[in-house]
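One structure below.
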Amino acid sequence: TRTVANGITTFTVNTSGMGLGAASALDVKAEVMSAAGQTVYADITRSANVLSVIFTGTVNDGDYEVLMSATVNRG
């Protein structure tokens, strides 16, 4: 989901429905990349099963890609 408010664009992802096998968003690692493959340092927050990627300014769908992987603590 994409929301824009007060000069901030936030993309939220429900990690429980992504097939990553993670129990919570705390188990999900995320890297944001430009189309040219450069790492972009967006603010990433996690709460329960929601991972949010937050940008300053208006960012459109498709401007960046997010690579996500999960680590599951089975200990």
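The values are calculated or read from the model by the stated rules, or taken from the named source; none is laboratory data. Computed from a predicted model, the values in this text were never measured in an experiment. Backbone-built Cβ (ideal geometry, glycine too); neighbour counts: all protein chains shown. Quick note on the areas: whole protein, heavy atoms, side chains included, nothing else; ligands and nucleic acids left out. Shrake-Rupley method; radii C 1.70, N 1.55, O 1.52, S 1.80 Å.
Some observations on this one:
- Between Thr3 and Met68, the FRET efficiency estimated from the beta carbon spacing at R0 = 22 angstrom works out to 0.70.
- Fraction of alpha-carbon pairs over 19 Å apart in the chain - percent: 36 percent
- Taking label positions 7 Å along the Cα-Cβ direction at both Gln38 and Met18, the computed distance is 2.4 nm, reported to one decimal.
- In the full protein context, the chain carries 65 Å² of accessible surface per residue, based on a 1.4 Å probe and ignoring ligands, DNA and RNA.
- Each Cα pair under 8 Å and six or more residues apart adds its separation to the average, and for the chain the resulting relative contact order is 38 percent.
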